[in-house]
1. Counting pairs of Cα atoms in the range 94-143, how many percent are more than 16 Å apart?
2. How large is log10 of I(q)/I(0) for the range 32-163 at q = 0.10, 0.22 Å⁻¹ when the intensity is taken from the Debye formula with one equal scatterer per alpha-carbon?
3. Label points 7 Å out from Cα along the Cβ direction at residue 100 and residue 25: separation in nm?
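Derivation of every value follows stated rules applied to the coordinates shown; laboratory data play no part. Nothing here was measured: the structure is a model prediction, and the numbers come from that model. Positions of Cβ are backbone-derived with ideal geometry, glycine not excepted, and every protein chain shown enters the neighbour counts.
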Amino acid sequence: MSHSVAGEPPSAGRRAAPLTTAVYSAAEWDLLTGLPGRVLVAAATPGPGRPPRGVAAGLAGLDAVAAGRAFDSDLIRAVVAAIYARHDGAAEPDERLTDLVDLLAAARAAVRVLRRRADPADSAAYRQWVESVAARVCRAGEAALSPADRRFLDRLAGALDLR
């Protein structure tokens, strides 16, 4: 949540300075900025009982990430800015991106970081936003969620402490 140096809300039409990475260690910031992309990839990856996803699903996930720029959370806007500022080059894909066990562990780790360092409103907004990325990917072009997609989203929501 944005507040002036004196702790009062910023004046109308003006926001306080944006959240910086100084609040988080480098490893914590990497976790928070990497989780939305990992969730997008995991949601888009077909698995047992999960339908193959097309380009529309990936685009829906990217759109959900980009939508974070308009959120009222300084944390989410800072994460999205960092994601767009990142230059990954032609790096090899990380095999852990689609490992569900590792993804859920990362989500739980992010929740622990947010509990220690983030404003409760920013923490809740971030966790809901990350879940929305997965939901948009899973629902793209689908009339109804498959049972496997529902399980995936439920497990992710549990790891994000939303259930």
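1. Beyond 16 Å sits 51 percent of the P(r) for the range 94-143.
2. Here log10 of I(q) over I(0) equals -0.29, -1.44.
3. With each label placed 7 Å out from Cα toward Cβ, I get 3.0 nm.
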